[in-house]
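The values are calculated or read from the model by the stated rules, or taken from the named source; none is laboratory data. Source: prediction; values computed, not measured. Here the Cβ positions follow ideal geometry from the backbone for every residue, glycine too, while neighbour counts run over all protein chains shown. When the accessible area is computed, the model is the full protein with side chains, heavy atoms only, and any ligands, DNA or RNA have been set aside. Shrake-Rupley method; radii C 1.70, N 1.55, O 1.52, S 1.80 Å.
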Amino acid sequence: MAKPASKLVIVTEKLLLKKIAKIILQAGATGYTVVDAGGEGSRNVRSSGQPSVSENFSNIKFEVLTDTRDLALKISDEVAAEFFDDYSGIVYLCEAEVLSAHKFCGPDGC
């Protein structure tokens, strides 16, 4: 059975990984996925390719599934306000359906 969810995606600098992860979890999300990311945007080209002088200058992409849109917006607003004046980053929101809903719903069900 599929369950509707909101997927929050945050693409930013790797040096913010621990700080953003803390915001995500403190807001009430149950988890997240992080992968290396690269690309080009308003702040030039970023590559996830190796070798690199310092891994801290690469980009990462967080994906966070939330059961409500409000929780996703709360996380995105806090991350943007805290970091995006000084660091590169973008946040976007997608509607999703969780197919393994029994893991997503928690012990009380959906």
- Note on the structure: In segment 15-40, anything among the aliphatic types (A, V, I, L, M) and part of a strand (DSSP E or B) is listed as Val34, Val35, Ala37
- Enumerate the pairs (first residue in segment 68-87 and open to solvent by 70 Å² or more (accessible area, probe 1.4 Å); second residue anywhere and aromatic (Phe, Trp, Tyr) and in a loop (DSSP other than H, G, I, E, B)) with beta-carbon separation below 7 Å, excluding pairs fewer than 6 apart on the same chain, so at least 6 apart or on different chains. none
- Message: I'm checking my understanding of the structure. Among residues of segment 48-66 that are modelled with pLDDT of 90 or more and farther than 17 Å from Thr12 by Cα, which one is farthest from the chain's Cα centre (by Cα)?
- Response: Thr66
- Could you grab me the full set of residues in segment 1-43 that are of a type in the set (Ser, Thr, Tyr) and exposed (fewer than 12 other Cβ atoms within 10 Å of the Cβ)? Thr33, Ser42
